[in-house]
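Down below is the structure, laid out as structure tokens.
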Amino acid sequence: MAMDEFWILRNRAQSSTLLALMIVFYTNMLDSILLTAVVPIIPDYLLDIDQKEYNLSFHQNSSRLRSVHPGVNVTQTSTQKVFSRLSVSALNEDSKVGWLLASKAIVQLIVNPFIGPLSNRVGYPSVLWSGSLIIFLASLMFASAETYIPLFIARAVHGLGSAASVVAGMSIVAEKYPDDRQRSRAMGVAMGGAATGVLVGYPFGGVMYTFVGKVAPFLIIAVLFIIDMGLQWFILEISMKNTLPRKTTPLHVLLRDPYILVVSGCIMLTTLAMSVLEPTVPLWILENMHAERWQLGLVFLPDSIGYLVGTNFFGVAARSVGRWMSSMGSMIFVALCLVCLPFATDLTQLILPHFGIGLGIGVTDAALMPLLALLVDTRHDSFYGSVYSIAQLAVCLAYFIGPSVAGQIVKIIGFPWLIRATAVLNFVYCPLCLFLRKVPACDEEMVILKEQTVDGNYTKEKMEVDSFSYNRLCEED
């Protein structure tokens, strides 16, 4: 009897769109916590590794010199050499940290094109569960890694899991909420999960690393992912068996759609602002502001709050004002905040620019993520795995270019000019958002509307009503 009640409860849970949305929210939150928790940990941890190596080298050289020249005091000269090498290492750390952070994006760039077809084969829930399992394994790898290479591999494995979970999660929301207004609100909630994870991740990583150590935060994240996978099994219909593939628009066709390309470029350049800051700001602060370890995580707290506000409160507003206008204004706003950021001389002066950057990115995502689903519904086949793979390709491209290139550019032109160059890119691109002002639809929207009728019966009166509703929707957007 108890088992019967359990299965009845599970069936009710699987039919709930709200619970499915909450699962996507929770998974996105945990993914973002792991994504951001490493940012305040890795630079300082790698410097600690270098310092231990240099200290060992210092003692070995001192002992060797004393044995050869017993009467010579070598402590001062050796110490100066060690500090000189440490300063050189700190300069090179931008590159090491940048490539480590970029490894996740590199893997996602490679894997994302395959997530859409895989989702079509096994279903969104199965891909989401598999991605969560891989991120759980990445958390354990972060906890056990003690040198640069294992940390690099852990970050890359995280990219594999994140590619699956993010694309599948956003596709689940788009499928569960077919109405554009409800979808805008639901996607704002789903992206709010990522914002909450970012909000928690930076200070969580910094504080836990300072007071508890490197291992504890990653073990906590691993336990939370175990809970997440259990909830996914209970609420979502997970099956690893091949399902009947649905008709989908090929990825290369979506990549030729100019409107999808403009949206993806806007997402990439706003995300580039954050991807450039993550590997460079912590070391810039350590060099210029002499901040404490635990403060490194708090530096990105305003970004997280801004992103949370942007995704949760501007999704429906962006639809009402005009998604093209919201995205263009957000790009200009992000660029202005980037210009102001290098003028800061202490941590408190970083709060407003960081908040503005996070807010601008959040508003952009809240405006454009539902627009991608609408573009697929009206111009292509209603399958969301491929289009959100393209969106994630844009994000990953930003997180690949930012960390990998930023560390090299800092050495050449310095941190302030790197940030200003990123602002210029956003300024130059934002006029392209004007092309999103009125998005024409292909004839394929009639196919979509026909699929919504019962038994394929599609009357002339129904077609006229649906066409009117669609044209009205286009005018609103």
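The criterion of at least 2 residues that are hydroxyl-bearing (Ser, Thr, Tyr) and at pLDDT below 50 is met by the following helices (runs of 4 or more DSSP H) wholly inside segment 381-477: 460-476.
Starting from segment 398-421, keep only residues that are more than 16 Å from Leu338 (Cα to Cα) and of a type in the set (S, T, N, Q), then list their pairs with residues that are modelled with pLDDT under 80 and crowded, with 21+ Cβ neighbours inside 10 Å whose Cβ atoms are within a distance under 6 Å, requiring at least 6 positions of separation or different chains. Qualifying pairs under 6 Å: Ser404/Gly98; Ser404/Ala102. Could you list, in sequence order, the residues of segment 97-118 that are small (Gly, Ala, Ser) and under 11 Å from Ala163 (Cβ atoms)? Scanning segment 97-118 gives Ala105, Gly116.
Evaluation of Ile220 against the conditions (1) farther than 21 Å from Val387 by Cβ; (2) in contact (Cβ under 8 Å) with a residue 60 or more places away in the chain shows that the sole unmet condition is (2).
Pairs linking a residue in segment 318-339 that is within 25 Å of Arg181 (Cβ to Cβ) and of a type outside the set (Lys, Arg) to a residue that is modelled with pLDDT under 90 and outside any helix (DSSP H, G or I), with Cβ atoms under 6 Å and 6 or more positions apart or on different chains, are Trp324/Arg437. Looking across segment 141-152, just one residue is touching a residue at least 40 places away in the same chain (Cβ under 8 Å) and β-branched (Val, Ile, Thr), and that is Thr147.
Condition check ((1) among the small types (Gly, Ala, Ser); (2) modelled with pLDDT of 90 or more) across all residues:
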residue: Asp4; (1), (2): no, no
residue: Leu9; (1), (2): no, no
residue: Arg12; (1), (2): no, no
residue: Val24; (1), (2): no, yes
residue: Met29; (1), (2): no, yes
residue: Leu34; (1), (2): no, yes
residue: Asp50; (1), (2): no, no
residue: Leu56; (1), (2): no, no
residue: Ser63; (1), (2): yes, no
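Of the residues in segment 172-180, not one is assigned to a helix (DSSP H, G or I), of a type in the set (Ser, Thr, Tyr) and touching a helix residue (DSSP H, G or I) at 6+ places or on another chain (Cβ under 8 Å).
Can you spot a residue in segment 245-254 that is part of a helix (DSSP H, G or I) and at pLDDT 85 or above? Yes, segment 245-254 contains at least one residue that is part of a helix (DSSP H, G or I) and at pLDDT 85 or above. Of the residues examined, Gly205 is one that is at pLDDT below 90 and surrounded by 24 or more Cβ atoms within 10 Å (Cβ to Cβ). Here Leu336, Leu374 are screened, and the one residue that is closer than 27 Å to Gly123 by Cα, of a type outside the set (Lys, Arg), at pLDDT 85 or above and part of a helix (DSSP H, G or I) is Leu374. Would you confirm whether or not segment 211-223 contains a residue that is part of a helix (DSSP H, G or I) and farther than 14 Å from Ser139 by Cα? Yes, that holds for at least one residue.
For Ala195, the requirement of being surrounded by 21 or more Cβ atoms within 10 Å (Cβ to Cβ), among the small types (Gly, Ala, Ser) and under 21 Å from Ser386 (Cα atoms) is not met. Candidates in segment 1-14 are the residues that are farther than 27 Å from Gly197 by Cβ and not charged (D, E, K, R); of these, the one that is farthest from the chain's Cα centre (by Cα) is Met1. Restricted to segment 341-356, and to residues there that are of a type in the set (A, V, I, L, M, F, W, C) and over 15 Å from Trp284 (Cβ atoms), the residue that is modelled with the lowest pLDDT is Ile351.
The values are calculated or read from the model by the stated rules, or taken from the named source; none is laboratory data. In this text the structure is predicted, and so the values were computed from the model without any measurement. Quick reminder, even Gly has a Cβ in these numbers, built from the backbone with ideal geometry, and neighbours come from all protein chains shown.
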